Ligand SMILES: Nc1ncnc2c1ncn2[C@@H]1O[C@H](COP(=O)(O)OP(=O)(O)O)[C@@H](O)[C@H]1O
Ligand SMILES: [Mg+2]
């Protein structure tokens, strides 16, 4: 377990994933990169100004979240990265970029219907990742 990527969207489920990743990183002295993706907004009826306002609000929120996570990292090596685009695609690209050995995700996120076994982002990651994926429940 060398290089760990944690996908964090601010949800309770991804917070569980982060805790588990920190636990593993502590045992194996693995470097951790926490990635948060600001999703592209495709609603065509959204005015450009509103779109920008929402993206700015989400970016601010993600920055605060990542700052807090870095402060909690203690003796671990933890980096954070905020990207924009399709969440699953960006996480998969980040994993290739950092040569991750494992991607850690929550089973659910902020927007999904809890009735599915796996959220849409985590299930796309499981399907397409080149490395192992740990879905934390
Ligand atoms: N925008 C995102 N940025 C980073 N990680 C994400 C993002 N969206 C989802 N994830 C990861 O995927 C997990 C499952 O979320 P998701 O598949 O989106 O479920 P749901 O469909 O319930 O929203 C989250 O706990 C998180 O680890
Ligand atoms: Mg989601």
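Table for the structure above
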{"item": "Failed criterion for residue 68 (all others in (1) away from ligand 1 (no atom under 11 Å from the Cβ); (2) assigned to a helix (DSSP H, G or I); (3) surrounded by 18 or more Cβ atoms within 10 Å (Cβ to Cβ) hold)", "result": "(3)"}
{"item": "Flag if residue 63 is surrounded by fewer than 17 Cβ atoms within 10 Å (Cβ to Cβ), more than 11 Å from ligand 1 (Cβ to nearest atom), farther than 18 Å from residue 134 by Cα and at pLDDT 95 or above", "result": "yes"}
{"item": "Tabulated pairs, the stretch 26-37, first away from ligand 1 (no atom under 16 Å from the Cβ), second part of a loop (DSSP other than H, G, I, E, B) and modelled with pLDDT of 95 or more, C-beta under 6 angstrom, 6+ apart or interchain", "result": "31/3; 31/77"}
{"item": "Filter pass, residue 30 being in contact with a strand residue (DSSP E or B) (Cβ under 9 Å, 6 or more places away or on another chain), closer than 17 Å to residue 125 by Cβ and buried (at least 16 other Cβ atoms within 10 Å of the Cβ)", "result": "no"}
{"item": "Matching residues, the stretch 22-43, being away from ligand 2 (no atom under 15 Å from the Cβ) and within 18 Å of residue 88 (Cβ to Cβ)", "result": "33, 34"}
{"item": "Sole residue being within 14 Å of ligand 2 (Cβ to nearest atom) and out of contact with any strand residue (DSSP E or B) (no Cβ under 7 Å at 6 or more places or on another chain), chosen from 74, 97, 109", "result": "109"}
{"item": "Among (1) surrounded by fewer than 13 Cβ atoms within 10 Å (Cβ to Cβ); (2) at pLDDT 95 or above; (3) near ligand 1 (Cβ under 7 Å from one of its atoms), the one test that residue 130 misses", "result": "(3)"}
{"item": "For residue 83: the one exception among (1) within 16 Å of ligand 2 (Cβ to nearest atom); (2) touching a residue at least 40 places away in the same chain (Cβ under 8 Å); (3) surrounded by 15 or more Cβ atoms within 10 Å (Cβ to Cβ); (4) in a helix (DSSP H, G or I)", "result": "(4)"}
{"item": "Candidates 104, 135 - the one that is farther than 30 Å from residue 56 by Cβ, within 15 Å of the chain's Cα centre (by Cα), buried (at least 19 other Cβ atoms within 10 Å of the Cβ) and within 16 Å of ligand 2 (Cβ to nearest atom)", "result": "135"}
{"item": "Among the residues listed as 92, 58, 76, the single one being more than 12 Å from ligand 1 (Cβ to nearest atom), surrounded by 12 or more Cβ atoms within 10 Å (Cβ to Cβ) and not in a strand (DSSP E or B)", "result": "76"}
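The values are calculated or read from the model by the stated rules, or taken from the named source; none is laboratory data. If you're wondering where the values come from, they're calculated on a predicted model, not measured in any experiment. Because the Cβ atoms are built from the backbone with ideal geometry, glycine has one as well, and the counts that use them run over all protein chains shown.
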